[in-house]
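**Student:** Below are the structure tokens for one structure; questions will follow.
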Amino acid sequence: MLHGFLAAFAALTASPLMASSGRFDGIPAADDRMPAAQTLQLELVVNGVPSGVIVPVTLGQGRCEMAASDLVAAGVMLPAGLSGTIEIAALDGVAVDYDQSNQRLRLDVPSTWLPHQSVGGGGTARVRPQSSFGVVLNYDLNFVDTADRAPRAVAWGEARMFGDFGQVSLTGAVQGGHVIRYDLNWSHSDDERMITYEAGDFVTRSLPGNRPVRMAGIQISRDFSVRPDVITYPLPEFAGDARLPSAVDLLIDGYRAAGGQVAPGAFAIGAMPGLNGAGQATLAVTDMLGRRVTTTIPFYVSNDLLRPGLLDFSGSAGVLRRNYGRRNFDYGLAAATAALRYGVSRLITVEGSAEAGSGFASASLGALVQLGNAGVVNAGYAVSDDHGETGDRLTLGYQYRARRFGFAASHVRESDGFSDLSSIGDRHAARTTTIVATSLSSDALGNFGASYVETSDRRGQDLGLASGSWSMSLARGVTLFTSGTYEVRRRQWSGALNLILPLGGSRGTAATSVAREARGATTLRADYGRAIPASGGLGGNAMLARASDTGLYGSGELAWRSAAMEVRGGAYGRRGNITRWAGVSGSVVAIGNDVLLANRIADSFVLVNTGGRAGVPVRYENQLVGRSGGDGHVLVPWVPAYYAGRYSIDPFDLPTNVAVPVVEKSVAVARGSGLVLNFDLREMRSGRVTLIDAQGVPLPVGAIASINAGPALAIGWDGFLFVETLEDINAAIVTLPDGGRCTAEFAAPPPGAEDAMIGPVACR
């Protein structure tokens, strides 16, 4: 952790109680006419904080003695060697004051004798993911009609079954009478150990910079995505000392990031997750006397590094898939892969990988090193042997990020014959790739970006590409954006100028642009788009462009989304060559005892159940997502997996006889799964009962009634009693003010009646 040890706290620690070692304010001196020693029962106050511990203290003749164990009980961590009865005022760095009027002994001790404290920082609280058993069938049906081809239909689908066992998923498509199978797999994530198990078709999880491949087999890998509460990269921590109770605030680049109250002693305050790059932290400490000390400390955070001691890994074994999306069961070479990353320290992360197949093997080693506050460098070296042909790859890189500036550079050199699992059998020529990129943002001048990419190989396929961009937010959300690219070796350039105009509210966005292609053609273009509202409705977009070499071109699309599906259609092309299309997408969900239609569910979802009551407003993260239908359900189809979302219902529109014990719940859903979230809405049968005695006189005020052996209820004027929960037949036992008792029995009002009048009911 990054420790900002605050020398400036010396001023803060100058307490009125510690002018010098062995101070005896208020302690009877040797010449006082009193016994040589007196044992008093005093409360210990340590560095201004009452301990609540009352201990025997021997005072008199300039002495102040007490048991070391009593100091420990008050939270003081004594240095080694101090035990038994000690003369506390004689210890170095300790000041003592006897508060006779309050019978307290005030001590001021070194902060190193007090417990260490942590304030703020850390991640989100952990919420264990849940999953109900269910099945989802996603579908996407499209019909396309072009001028040069016969009309055709294309269908895509995913069948997914989920539960505590994980999920089983099958994806595929039907086109032109041909069935295409994409993936069939099972996966399960152990969120406690942060490990995901996969079997079937999958994409290998590899190191950054390595090329993943599609395989069929098994894969086991570390999966940090299942634990949003776990911070995987080193965060800075700032430390200090307080001799008095104080308030601590941590500001990152001028914004408060964490803070809280600290007791006397050493403390550390951690930054919140989300930081990345260079920044400046200001630690402000205000003591109980109102004195404030601030210290500014620069820091650098890289989320590419791993926290010290944290291990990331993956391993897979199976056969390589070939002709994916064209042949359903085309498998090739048996192969295995392994990759790992390990946080050696907060500044160093090492990584390595290995791949193997019949006649092929490769391995790599690398590291990322943080250069203090100056950024991160990375280096890696890989070797391969493909049926006797060997090669190697060298990777170098540097990266620096700040709030307004960023710079990155990388260089990759591959020798003749280097290959990996994605290129087995291909004979690569030596090649190099160099990339340099930078960015700069300014409130007054806008955002700038520039990059240069150069590639070369022995086949003469060289490329040098320089590009730049600039964007600026103008008044009322209008954005101006321009970009350009120059091909150095071909001496060709292209560029575009875009103006984006929000129309406000739900009216959508308009844009216009002019672009020049590398071959010299220019295009003028106008766009309009309106997104579909989150609650459903109509949306669409339209585009019209005119190119100097191909003439007029246009497109248009309309889309309508309901709770059950999304329907869309449109056309694009130019005169004489128009393509028309239409489609519908959605899902069929079976969960619990229900089957319902919904929009496409890409990942996780929650089915909110309001107990069969219709018209109940349901909110997700304080945003209205719908009202329950006749079945009492609202489906939230776009829930982020493992995120603890807040779901709530609005009870204000409910009848007064409906009880809602809980109006908000926070739950997390496992990846690819669904959850039935029940809100217990109970209809109460309440009533206002008038109780009278045998002579028809209302029972007196202050009589106590118990209905159905429930809690005691006080009877009001005129024998009035309000009962919140009634049974079909209710028994009342009443204790009168004079000590007498009577009983009564009465029926509840019919279901649906709110606060019905009952009685008068005779109590005998």
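Just so it is clear, none of the values below were taken in a lab; they were calculated from the coordinates. These numbers were taken from a predicted model, which means no experiment stands behind them. We place every Cβ from the backbone using ideal geometry, glycine too, and count neighbours over all the protein chains shown.
**Student:** What is the extension gain from HIS387 to GLN492, computed as 0.36 nm multiplied by their sequence separation minus the C-alpha to C-alpha distance, in nm to one decimal?
**Tutor:** 33.6 nm
**Student:** OK, next. Hey, fewest Cβ within 10 Å first, where do ASP97, ASP92 land in order?
**Tutor:** The fewest-first ordering by Cβ neighbours comes to ASP92, ASP97.
**Student:** Can you put PHE143, PHE202 in order, fewest other beta carbons within 10 Å first?
**Tutor:** Least crowded to most crowded, the residues run PHE143, PHE202.
**Student:** Give a quick list of trypsin sites (Lys or Arg not before Pro) in region 86-184 that DSSP marks as loop, anything other than H, G, I, E or B, with at most 16 other Cβ atoms within 10 Å.
**Tutor:** When the trypsin sites (Lys or Arg not before Pro) of region 86-184 are filtered for loop state and at most 16 Cβ neighbours within 10 Å, ARG126 remain.
**Student:** Here's a follow-up. Enumerate the amide H contacts of ALA335 below 5 Å, restricted to partners 5 or more residues apart or on another chain; note that Pro and chain-start residues carry no placed amide H.
**Tutor:** HN-HN under 5 Å from ALA335: GLY318, VAL319, LEU320.
**Student:** How much mean residue ellipticity at 222 nm does the chain get from its helices, if each DSSP H run of length 4 or more adds -39500 (n - 2.57) and you divide by all residues, to the nearest 500 deg cm²/dmol?
**Tutor:** -500 deg cm²/dmol
**Student:** Turning to a different aspect of this structure: Which chymotrypsin sites (Phe, Trp or Tyr not before Pro) from region 94-142 combine a DSSP loop assignment with at most 12 other Cβ atoms within 10 Å?
**Tutor:** Sparse-neighbourhood loop chymotrypsin sites (Phe, Trp or Tyr not before Pro): none present.
**Student:** Something else: Can you compute the charge dipole magnitude of region 620-764 about its Cα centre, using +1 on each Lys and Arg Cβ and -1 on each Asp and Glu Cβ, nothing else charged? Give it in debye, rounded to the nearest 20.
**Tutor:** 360 debye
**Student:** Skipping prolines and chain starts, which residues have an amide H placed within reach, meaning under 5 Å, of the one on GLY672, given they are 5 or more residues away or on another chain?
**Tutor:** SER604
**Student:** While we're on this one: Could you list PHE329, PHE267 in order of exposure, starting from the residue whose Cβ has the fewest other Cβ atoms within 10 Å?
**Tutor:** The order, fewest Cβ neighbours first, is PHE329, PHE267.
**Student:** Taking Cα atoms of region 509-579, Rg/Rh with Kirkwood Rh, to two decimals?
**Tutor:** 1.10
**Student:** Let me ask you something else. Give me a comma-separated list of calculated 3J(HN,Hα) values for region 296-302, in order, Karplus coefficients 6.51, -1.76, 1.60 applied at θ = phi - 60°, integers in Hz, x for any Gly or Pro.
**Tutor:** Once rounded to whole Hz, the list reads 10, 9, x, 8, 9, 10, 10.
**Student:** In addition: Between region 570-633 and region 361-419, how many Å separate their Cα centres?
**Tutor:** That distance is 45 Å.
**Student:** A follow-up question, please. Taking N as the number of residues in region 673-757, what is its Cα Rg relative to 2.2 N^0.38 Å?
**Tutor:** 1.36
**Student:** Same structure again: Under a Cβ-Cβ limit of 4.7 Å, which cysteines in the chain have nobody to pair with?
**Tutor:** Among the cysteines of the chain, those whose Cβ sits 4.7 Å or more from every other are CYS64.
**Student:** What is the gain in length, in nm to one decimal, between ASP457 and VAL658 on full extension, counting 0.36 nm per residue of separation less the C-alpha to C-alpha distance?
**Tutor:** Separation in residues times 0.36 nm, less the Cα-Cα distance, equals 64.9 nm.
**Student:** In sequence order, what are the phi-derived ³J(HN,Hα) couplings for region 336-353 according to the Karplus relation 6.51 cos²θ - 1.76 cosθ + 1.60 with θ = phi - 60°, rounded to whole Hz, with x for glycine and proline?
**Tutor:** Those phi angles translate into 9, 9, 8, 8, 8, 9, 9, x, 6, 8, 6, 10, 10, 10, 9, 8, x, 8 Hz.
**Student:** For region 532-628, what is the per residue volume of the convex hull drawn over the alpha-carbon atoms, in cubic angstrom?
**Tutor:** Cα-based convex hull of region 532-628, divided per residue, equals 133 Å³.
**Student:** Contact order normalised by length for the chain, with contacts defined as Cα pairs under 8 Å and 6 or more residues apart; what percent is it?
**Tutor:** Value for the chain: 8 percent.
**Student:** Name the trypsin sites (Lys or Arg not before Pro) in region 415-506 that are in a loop by DSSP and that have at most 13 other C-beta atoms within 10 Å, would you?
**Tutor:** The qualifying sites are ARG427, ARG458, ARG459, ARG489, ARG490, ARG491.
**Student:** May I pose another question? When the Karplus curve 6.51 cos²θ - 1.76 cosθ + 1.60 is applied with θ = phi - 60°, which whole-Hz ³J(HN,Hα) does each residue of region 388-396 get, with x for Gly and Pro?
**Tutor:** x, 8, 9, x, 9, 9, 10, 10, 10
**Student:** Per the Kirkwood formula on distinct C-alpha pairs, the Rh of the chain is how many angstrom?
**Tutor:** About 34.2 Å, per the Kirkwood formula over Cα pairs.
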